[in-house]
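Values quoted throughout were computed directly from the atomic coordinates according to the rules given, and no laboratory measurement underlies them. Owing to the predicted nature of the structure, the values given are computational and were not obtained by experimental measurement. Reconstructed Cβ throughout: ideal geometry from the backbone, glycine too, with neighbour counts over all protein chains shown.
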Amino acid sequence: MLTFRTTGTGSYYSTMATSENNNFDAQAKEQQLRSESQQWDISNPVDALADDIPVIDLHSYFSTGSSDALEAVAEQLRVACEETGFFSIVGHHVDNDALTNAFAQARQFHALALDEKNQILMDRADWPVGGMGYLPLKNRKLPSRDTGNVNEAFIIKCDDQLTMSDNQWPNAQLLPQFRPVIEHYAEQMEHLGKRMLPIYARALDMPENFFNEAFVDPLYRLRMTHYPAVKLDTENAFGIAPHVDTSFCTILAQDNPGLTVFSERRRVWVKAPALENAFIVNTGELLKQWSNDRFLSTRHFANNNISSQSRYSIPFFFNANPNFVMHCIPSCCDDDNPAKYPPISYVQSQGVVQGE
């Protein structure tokens, strides 16, 4: 077994090599993605057309659990993941109050004095776990780039070893409702991610329970991002620089537009809309590799498109249990299309995944 790990950039894999020519080097992969992103021309984004970001209504399946409803939404998801890599979901059954309250708490947290936020600074020497807590404005992480990202964020993460109590939290005397509200929202997001697993399974022509074992005690990260009302410049050109996510999937809530996605079909960058009571979902590198490149992992970046006011987004990065070894999905490989990647597991490490 060969193990590779990057530090502080977002791609963390423990890999098993099946042969000398089938080694997977996570650090090389991260460098490749970073190099590629510097070559992407993002100068002329256009407004999204109706089918650039497909909209999938989950209400019928979530309400009835019927096989027909499952097959219908699975086919929509399959097309979206094979052709765009991004889609919006409505009818998701997430409590609207939970979402509203999460945004309210995110705004209150980012309104705190900097001294207070720095008390729970990410990766500080006296906290035993990295990749959680406060990430300051103009940071050069998530994704790692040479210029600063014009955002600040608060991040929590949980897995089979880490609980909510292992995370850093702001002073409860200043924000008494912050932790209970965010914990509740994270629970709703985990539940939503798990309810979508049968849809992903059927979209990949597998039994609907195919992913269940992999997502016992999943690894997830919740990020509350603030894009301040500032004018971008050459030195700090992005809210979050161009990248692809390293997750199984990412479920994004946003209060205003700001996400820009590369359309593989049109070969242009498109500005994603912010639909009311909807989440935007995208495939990450893990699912792309698990599906043998059948599902796209689409490049994207984020800015504050309304420069007169702050923008907030709350992405939820959803992954399998960090110790679950992901062999190529059987429907995605055969003698004519062999597995391109060795079995891998997503392992806990210092740092956090890239993402909006």
For the range 2-346, shape from the Cα gyration tensor axes a ≥ b ≥ c, cut at a/c of 1.5 then a/b versus b/c, turns out rounded
Which of His184, His243 comes first, and how do the rest follow, when ranked by fewest Cβ neighbours within 10 Å? His184, His243
Arrange Cys333, Cys158 by Cβ neighbour counts within 10 Å, fewest through most, would you? Cys333, Cys158
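Can you count the Lys pairs in the range 2-346 with C-alpha separation below 16 Å, eight or more apart or on different chains?
Lysine pairs meeting the criterion: 5.
Quick check: net charge around Ala111, other residues with Cβ under 12 Å of its Cβ, Lys/Arg +1 and Asp/Glu -1? Display every interim value, and only then the final one.
Values: positive: Arg107, Lys117; negative: Glu116, Glu152.
Taking every other residue near Ala111 into account, the sum is 0.
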Net charge of neighbours whose Cβ lies under 9 Å from the Cβ of Phe316, counting Lys and Arg as +1 and Asp and Glu as -1: +1
Hey, fewest Cβ within 10 Å first, where do Thr100, Thr250, Thr260 land in order? Thr100, Thr260, Thr250
